Amino acid sequence: MRNRTTALVLVVVLCFYLLLAVQRGVWLVATGKPVLVLFGIGVLLLPVVGAWFVVTEVRMGNASSRLGSRLEAEGLWPTDQIPTRPSGRPDLKAADEIFEKRKAEVEAAPADWRGWYRLSLAYNDARDRPRARNALRKAIVLDRQHS
């Protein structure tokens, strides 16, 4: 619940910032000076990109939460965790073993979102966020295709 509250606060702050950007962009365009008008148009594009980013991330978070709940309800939530060294970094040998297990699940059933979701959790535990997000996206796409 804490993560959701933090995300909500960040979205509200970002929306406030985007509103201020729109106000400044409109002000710059209204000056009528060519350079400021161009700059104002650029400033007005920033909220569009920001809004797209917020919507995309919120949708991914909701889909991830929904799939996680389904996985847990089915009793398929992974119980194995990657042990860490005293420094807090993951033990790479143990991580490799778990990755091999998750990779085998995905190779055995590449169209099943569950394997991809579990693979994303293994990547996330190993702090490999880009690969975790890619595997999570794949799980979401597969779930939507089969729904």
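The values are calculated or read from the model by the stated rules, or taken from the named source; none is laboratory data. Bear in mind the structure is a predicted one, so any value in this text is a computation, not a measurement. Here the Cβ positions follow ideal geometry from the backbone for every residue, glycine too, while neighbour counts run over all protein chains shown. Ligands, DNA and RNA are stripped out before the accessible areas are found, and what is left, the full protein with its side chains, is counted by its heavy atoms. Shrake-Rupley method; radii C 1.70, N 1.55, O 1.52, S 1.80 Å.
Numbers at a glance
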{"quantity": "Net length gained if the chain between R85 and N62 were fully extended (0.36 nm per residue, minus Cα distance)", "calculated": "5.1 nm"}
{"quantity": "Cα gyration tensor shape of the range 94-147, rounded if a/c is under 1.5, else prolate or oblate by comparing a/b with b/c", "calculated": "oblate"}
{"quantity": "Calculated [θ] (222 nm, deg cm²/dmol) that DSSP helices of n ≥ 4 give over the chain, each run adding -39,500 (n - 2.57)", "calculated": "-28000 deg cm²/dmol"}
{"quantity": "Per residue accessible area of the range 9-115, 1.4 Å probe, in Å²", "calculated": "70"}
{"quantity": "Nearest-0.05 FRET efficiency for T31 and R127, computed from C-beta distance (R0 35 Å)", "calculated": "0.15"}
{"quantity": "Cα pair distances of the chain binned at 5 Å [whole percent]", "calculated": "2, 9, 13, 15, 13, 11, 10, 8, 7, 5, 4, 2, 1"}
{"quantity": "Full-stretch length increase - R137, L10 - with 0.36 nm per residue and alpha-carbon distance subtracted", "calculated": "43.5 nm"}
{"quantity": "5 angstrom amide H check on T84, placed H, neighbours 5+ away", "calculated": "D91"}
{"quantity": "Candidate lysines for bridging to K103, where Cα separation is under 26 Å - those fewer than 8 sequence places away on the same chain excluded", "calculated": "K93, K138"}
{"quantity": "Global form of the range 48-118, assessed from the alpha-carbon gyration tensor, a/c cut-off 1.5", "calculated": "oblate"}
{"quantity": "The chain, accessible surface, carbon-and-sulfur percent (1.4 angstrom probe)", "calculated": "63"}
{"quantity": "Principal axis box of the range 8-78, alpha-carbon based, largest edge first, Å", "calculated": "63, 19, 13"}
{"quantity": "Relative contact order of the range 74-147, defined on C-alpha pairs under 8 angstrom at six or more residues apart (%)", "calculated": "27"}
{"quantity": "Relative contact order computed over the chain (Cα-Cα under 8 Å; 6+ residues apart), in percent", "calculated": "15"}
